[in-house]
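Quick notes on the structure that follows.
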Amino acid sequence: MSLRFPEPFRHSHPKLRSVNEIVEEKMTLGERTADTVARRMGSWRFIIIQSSILAMWVALNVIAIVRHWDPYPFILMNLMLSLQAAYAAPIIMMSQNRLASKDRIEAHNDFLVNLKSEEEARAILEHLEAQNEALLAIHTSLLELHRKADARIADGG
């Protein structure tokens with residue numbers, strides 16, 4: 001009676017890497033800049049600094065002792081804020097697009113992990129099935145030996 005054991009389990013998938021590592025390798029200078037701008041503009045520090053500057057701008061123009069460089073309704077300040085918004089929005093969108101790309105890489109990485117897990121689970125189940133077959137063969141052999149021993153004892157030998 002020959003026992004069949006499955007071949008040793010071999011990983012056919014490439015080694016998984018950190019998504020952050022993959023994304024960092026592919027980032028261009030523009031993408032790094034967009035991320036930095038988005039990170040800084042999306043912070044409380046930026047909001048506090050910008051609010052302070054705007055408050056000083058308004059205060060200096062309202063109570064200006066020497067000269068009003070941007071009198072009420074603060075058209076120059078509105079122009080500056082419009083320019084800031086015109087450039088900030090596309091830069092933030094670039095950062096968001098890069099994050100979406102990172103999410104796609106992460107989803108693909110998760111898919112590879114799932115494939116690897118499925119393959120490993122299948123190999124474990126095949127190994128357990130081979131063990132069950134081996135145990136059944138051993139059990140059958142033991143029953144046969146026990147039957148033969150009982151037959152010898154019954155024959156008086």
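A short reminder: the numbers here are calculations on the coordinates, not readings from a lab. As the structure is a prediction and not an experimental result, all values here were calculated from the model. A quick note on method: Cβ atoms are made from the backbone with ideal geometry, for glycine too, and the neighbour counts reach across all protein chains shown.
Membrane-span-like helices in the chain, defined here as complete DSSP H runs extending at least 24 Å along the helix axis by their C-alpha atoms with mean Kyte-Doolittle hydropathy no lower than -0.5, are 44-62, 75-155; this is a sequence and geometry rule, not a statement about a membrane. Taken about its Cα centre, the chain carries a charge dipole of about 760 debye when Lys and Arg each add +1 at the Cβ and Asp and Glu each add -1 at the Cβ.
What are the lysines whose alpha-carbon lies under 23 Å from the alpha-carbon of K26, with same-chain residues fewer than 8 places away excluded? Partners found: K15, K102. Debye-formula intensities of segment 28-155, expressed as log10 I(q)/I(0) at q = 0.12, 0.22 Å⁻¹, are -0.77, -1.20 (one equal scatterer per alpha-carbon, no solvent). Summarising the label geometry, the points placed 7 Å from Cα in the beta-carbon direction at A86 and I105 lie 3.3 nm from one another. Once you've got the GNM for the chain with C-alpha springs shorter than 10 Å, pick whichever of D103, D35, D70 has the biggest mean-square fluctuation. The residue that fluctuates most here is D70.
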